[in-house]
Amino acid sequence: QVQLVESGGGLVQPGDSLRLSCAASGRSFNYYTMGWFRQAPGKEREFVAAMSGSNTYYASTMKGRFTISRDNAKNTVYLQMNSLNPEDTAVYYCAANRYGKILPMTGYDYWGQGTQVTVSS
């Protein structure tokens, strides 16, 4: 079993930056594909970024602004978000995939509770 806990969300102004953290508990963390997803009110959950081994993947709309990284020694995955805009407002979820596929979303086995990110003036 893997438990995921996100943190680092909050209320920021447009142009600000945030770094989200996802603390994982469980075995063989370094072998899991880790992903970040987000869901805005009234909209479907969407893919943000993922990391499989040392390879990183990003949704086209986030590439260049968001960076995913991991610290296996700390069992933690991060999402650095820069140049935030109101369209980035959503609940951000961390997820783990033991099978190594970054998509589809339904392939992820474990999910955190989410952390709210609100970008507003």
(request) Keeping the other protein chains in place, figure out the carbon and sulfur percent of the accessible area of the range 1-106, with a 1.4 Å probe. (result) 47 percent
(request) Express the accessible area of the range 35-112 per residue in Å², computed with a 1.4 Å probe while the remaining protein chains stay in the model. (result) 51 Å²
(request) Treating only the Cβ atoms of Lys and Arg (+1) and Asp and Glu (-1) as charged, compute the dipole magnitude of the chain about its Cα centre; round to the nearest 20 debye. (result) 300 debye
(request) For the range 1-44, build the convex hull from the C-alpha positions and give me its volume per residue in Å³. (result) 118 Å³
(request) Work from the charge dipole of the chain (Cβ charges, +1 for Lys and Arg, -1 for Asp and Glu, about the Cα centre) and give the residue of Val117, Ser7, Met51 farthest towards its positive end. (result) Met51
(request) May I ask you to evaluate 6.51 cos²θ - 1.76 cosθ + 1.60, the Karplus curve with θ = phi - 60°, for each residue of the range 109-115 and list the ³J(HN,Hα) values in order in whole Hz, giving x for glycine and proline? (result) 8, 10, 9, x, 7, x, 9
(request) Please name whichever of Ser17, Thr106, Tyr93 sits farthest to the positive end of the charge dipole of the chain, dipole taken about the Cα centre and charges placed at Cβ: Lys and Arg +1, Asp and Glu -1. (result) Thr106
(request) In whole Å, largest first, what are the principal axis extents of the Cα atoms in the chain? (result) 42, 27, 25
(message) Taking 0.36 nm per residue of sequence separation and subtracting the Cα-Cα distance, how much length would be gained by fully extending the chain between Ser54 and Gln1, in nm to one decimal?
(response) 16.8 nm
(message) Can you give me the distance in nm between label points at Thr118 and Leu11, each placed 7 Å from the Cα along the Cα-to-Cβ direction?
(response) 0.5 nm
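The values are calculated or read from the model by the stated rules, or taken from the named source; none is laboratory data. Everything numeric here is computed off the predicted structure, so don't read it as measured data. Note that we place each Cβ from the backbone using ideal geometry, even for glycine, and neighbour counts take in every protein chain shown. Note: areas computed on protein heavy atoms with side chains; ligands, DNA, RNA excluded. Shrake-Rupley method; radii C 1.70, N 1.55, O 1.52, S 1.80 Å.
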